[in-house]
Amino acid sequence: MIMTRTASFSVVAAFFPVLAIAQTAPARLEFEVASIRPVAPQEARVDIGMHIDGSQVRFNFLSVRDCMRIAWQVPEYQIIGPDWVASDRFNISAKLPAGSTQDQVREMLQNLIKDRFKMTIHTEKREFAVYALVPGKNGLKLTESVPDAAGQAAAPSKALNVSASGSAAGVSVDFGNGSYYTFADNKLVGHRLTMQQIVDTLSRYTDKPVVDMTGAPATAHYDFSFEITADDYRTMLIRTALKAGVSLPAEAVRLADLPIDSLLSDMESVGLKLDSRKAAQDALVIDHADKTPTEN
């Protein structure tokens with residue numbers, strides 16, 4: 001009897017392999033509900049944030065390119081598409097399905113972007129002009145972040161809150177769990193940042209994207225502080241404002257192309273150096289996307 005049942009099952013499986021696969025395929029990850037609303041341009045001040053608290057997810061004043069950077073985990077310069085994907089801003093509010101986790105948010109965001117903007121994409125190798133962040137001639141001298149007063153790193157919060165604010169007075173970005181940087185008073189100060197967060201931060205102020213080639217451990221956290229001249233500070237503040245979608249007068253935009261020599265030279269004090277190079281990277285190319293998302 002056992003042999004007969006086994007043989008019968010084998011015949012059924014042979015004739016219906018697609019059905020068997022379909023029954024075991026994972027469900028498509030999607031938000032339970034989600035709304036996407038365009039945001040009017042802001043002239044003087046920008047408040048940007050990504051917040052996940054329980055089942056509630058919010059992305060405030062982000063461009064489609066910002067959202068793609070989060071969803072696909074690629075630097076913004078590797079996302080190739082029409083100008084509006086970087087300039088137009090949106091607020092996204094979504095709810096996670098019961099039983100889902102924060103780790104699944106990226107895939108849900110990918111599907112939301114592709115569905116609502118009717119987006120199609122492909123990947124290809126492209127060569128980019130970049131700054132390679134490398135150790136200085138005497139090696140890295142960055143200060144590793146010290147534990148908290150109790151002697152242990154604080155337990156990460158279950159809520160994820162990444163917020164940024166900026167104005168003519170400077171920029172502040174809080175990554176949560178004690179990681180942040182400030183750019184104000186002619187100084188760039190970082191606390192408890194990984195090397196990837198450092199290169200992402202520098203990329204917002206340099207004329208070319210920065211790629212980590214230091215060889216530093218990916219999980220290590222560092223503190224740093226760079227003094228910057230008043231002229232370079234002004235240029236860097238204009239650059240980050242433009243990348244955040246702020247509309248500026250034409251004479252201010254022209255200043256964004258000026259070199260920032262003081263930042264590059266001061267980095268030597270912590271054993272870091274920026275080398276201009278060409279680097280082949282995987283680019284995420286947008287083949288088609290509707291500028292207006294479909295109804296919520």
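For region 203-296, the square roots of the Cα gyration tensor eigenvalues, ordered a ≥ b ≥ c, give a/c of at least 1.5 with a/b no greater than b/c, which places it in the oblate category.
Ranked by the mean number of other Cβ atoms within 10 Å per residue, highest first, peptides 285-291, 249-255 order as 285-291, 249-255. Judged by the gyration tensor of its Cα atoms, with axes a ≥ b ≥ c, region 48-191 is oblate; a/c meets the 1.5 cut and b/c is at least as large as a/b.
Of all lysines in the structure, the ones whose alpha carbon falls short of 27 Å from that of K137, not counting any fewer than 8 places away in one chain, are K187, K208, K273, K278. Residues whose amide H falls under 5 Å from that of K273, counting only those 5 or more places apart or on a different chain, are V134, G136, with hydrogens built in the peptide plane. In region 139-296, the ratio of gyration radius to Kirkwood radius, Rg to Rh, stands at 1.00 when only Cα atoms are counted. Compute the relative contact order of region 171-296 as a whole-number percentage, counting only Cα pairs closer than 8 Å that sit 6 or more residues apart in sequence. The value is 19 percent. Taking other residues whose beta carbon is less than 11 angstrom from the beta carbon of S179, and scoring Lys, Arg as +1 and Asp, Glu as -1, yields -1. In terms of other Cβ atoms within 10 Å, M68, M50, M267 run from fewest to most in the order M267, M50, M68. As a proxy for reagent exposure, ranking W72, W84 by other Cβ atoms within 10 Å from fewest up yields W84, W72.
Taking the convex hull of the alpha carbon positions in region 28-117 and averaging its projected area over all directions gives 6.1 nm².
Residues R58, R89, arranged from fewest to most other Cβ atoms within 10 angstrom of their Cβ, appear as R58, R89.
Bear in mind that the values in this text are calculations on the coordinates, not laboratory data. The structure displayed is predicted, hence computed values, not measured ones. Reconstructed Cβ throughout: ideal geometry from the backbone, glycine too, with neighbour counts over all protein chains shown.
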